[in-house]
1. I need Thr120, Thr107, Thr83, Thr136 ordered by Cβ neighbour count within 10 Å, fewest first.
2. For n ≥ 4 DSSP H runs only, could you compute -39500 (n - 2.57) per run for the chain, divide by its residues and tell me the 222 nm figure to the nearest 500?
3. Short version: ³J(HN,Hα) in whole Hz for each residue of the range 4-18, in order, from phi by Karplus 6.51 cos²θ - 1.76 cosθ + 1.60 (θ = phi - 60°), x for Gly and Pro, what are they?
4. Rounded to two decimals, what ratio of Rg to Rh does the range 13-69 give with C-alpha atoms and a Kirkwood Rh?
5. Less than 11 Å Cβ to Cβ from Leu121, Lys/Arg counted +1 and Asp/Glu -1: what total charge do the surrounding residues give?
6. Quick one: divide the alpha-carbon radius of gyration of the chain by 2.2 N^0.38 Å and tell me what you get.
7. Where is the GNM fluctuation largest for the chain (alpha-carbon springs, 10 angstrom cutoff): Gln59, Gln75, Gln129?
8. Taking a 29 Å limit on the Cα-Cα distance, which of the listed pairs Lys55/Lys115; Lys55/Lys150; Lys33/Lys55; Lys115/Lys138; Lys95/Lys138; Lys115/Lys150 fall beyond it?
Amino acid sequence: MGGGDVSRYIGTYGTSRVAGLALLGAVTPIFGKSDSYPQGVDQSVFDGIRDGLRKDRAQFISDFATPFYGINAGQTVSEGALTQTLNIALLASLKGTIDCVTAFGETDFRPDMAKVDVPTLVIHGSNDQIVPFETTGKVAAELISHAELKVYDNAPHGFALTHQDPLNEDLLAFVKSL
């Protein structure tokens, strides 16, 4: 949700205090399907997430880690990392977690992104099963003038863990270029 947060910040306050923007597997410019964005993810997906959280939040989050980290697509993540992910997620309240699903599924960041006028790096995984590249990262890079797009081959949504070395290298190079 950080990509949405920083996009909304820029949309509200501008970029006078922002040197650059990195969007990592972000839900921007808009995640959910709407009349003005028919290629978005269907509302039924978000309804299913909310229903799963209400039924058995701990198990839902535990199961969600498989597509999040691409374990079902050959990525390897330690049991410790999976436990840590679950523990962090369970620190949030059920209401807060459900509100997050609503926020990232229904918020349109296109007006905010239209105000991005700083160097921008968009990084997305080609196998993001949570936030599909074709309707988010690819579109975000197209909307932002002169954005640099990097697509990590077979990377999942959780590429900050599965692809941490190339990510750190790319982020460091981007920051040094500002």
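1. Placing the least packed residue first, the sequence is Thr83, Thr107, Thr120, Thr136.
2. Counting only the DSSP helices, I get -16500 deg cm²/dmol.
3. x, 4, 6, 5, 5, 4, 5, x, 8, 10, x, 10, 4, 10, 10
4. Here the Rg-to-Rh quotient is 1.12.
5. Value of the local net charge: -1.
6. For the chain, the normalised Cα radius of gyration comes out at 1.03.
7. Among Gln59, Gln75, Gln129, the largest GNM mean-square fluctuation belongs to Gln59.
8. Over 29 Å apart, Cα to Cα: Lys55/Lys115; Lys55/Lys150; Lys95/Lys138.
Taken together, the values in this text are just the output of simple stated rules run on the coordinates, not laboratory data. Since this is a predicted model, take the numbers as computed values, not measurements. Cβ: placed from backbone, ideal geometry, glycine included. Neighbour counts: every protein chain shown.
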